[in-house]
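Engineer: Provided herewith is a single structure, encoded as structure tokens, for subsequent inquiry.
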């Protein structure tokens, strides 16, 4: 099953954007996120591809769902997600997770090929531990590994409302953080304005647990007092409008922990709809066919 609105295999060469599933939860304590790509695809088919607030038929943007990365026994090989799909480097892409640890090997591959210089993470958790449960590549360590790779000064975290004391002591003076309190005080528009713009190639990682658990209960580590879906969408819009976002991911949907109606997967699919729409708007600013 492909993501709703995807081009057919015959027409994939005409795609402007690509979606790639990464069904991995090898670093999660509560397994189930590897089913995220499949469940999010299914949820996307419960939503209209006509975006009412934009008056846009999303499938007009020409995106192709390339399917899932092949993993052996839930083992993620660094770079495999890109190497499998050579054309992925030539087109903007959205990766569908999977636990948050997938972001590091994806960023690493893109960074080493000159395709990414900055990373922005929208997340409830800092994910800055040096090691967690005997591994340095846990979803609880992912942003620290990324910062070590691309430089602390090239990382921004937004929406944070949870970290250990050790994490906070390390990152408070090293990276730019716009935590949940700052979002409340400054508002989404204020934070986006403060982040500013730029043409440096940027990777945008969205951990679904940034949403309040009432909007996204199907996550491994729900954190109270989170963002609304509307606020996250506004944040994505503002970032992509100002930044050259070349790749993004949506991670940590765990269908096993979701409600019966699958609201977490539905909201993740809706975020992916918005990512595609924002890509399209930035790439065709003068095209009134869509806007």
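Engineer: Contour minus end-to-end for residue 60 and residue 181, with contour as 0.36 nm per residue of separation and end-to-end as the Cα-Cα distance?
Structural biologist: The residue 60-residue 181 span can extend by a further 39.8 nm.
Engineer: If we sort 176-184, 136-144, 14-22 on the protection proxy, mean other Cβ atoms within 10 Å, highest first, what's the order?
Structural biologist: 136-144, 14-22, 176-184
Engineer: A further question on this structure: How high is the FRET efficiency from residue 174 to residue 52, r the C-beta distance, R0 41 Å, rounded to 0.05? Numbers along the way, then the final one.
Structural biologist: On the way: r = 42 Å, r/R0 = 1.01.
Approximately 0.50, to the nearest 0.05.
Engineer: Mean residue ellipticity at 222 nm from the helices of the chain, using -39,500 (n - 2.57) per DSSP H segment of n ≥ 4 over the full residue count, to the nearest 500 deg cm²/dmol?
Structural biologist: Values: 8 runs with 90 residues, N = 291.
After summing the helix terms and dividing by the residues of the chain, the value is -9500 deg cm²/dmol.
Engineer: Return the whole-Å distance between the Cα centroid of the stretch 113-152 and the Cα centroid of the stretch 207-276.
Structural biologist: About 18 Å separates the Cα centre of the stretch 113-152 from the one of the stretch 207-276.
None of the figures in this text is laboratory data; all of them are computed from the coordinates on show. Please read these numbers as outputs of a predicted model, since none were measured by experiment. Cβ coordinates were reconstructed from backbone atoms using ideal geometry, including for glycine residues, and neighbour counts include every protein chain displayed.
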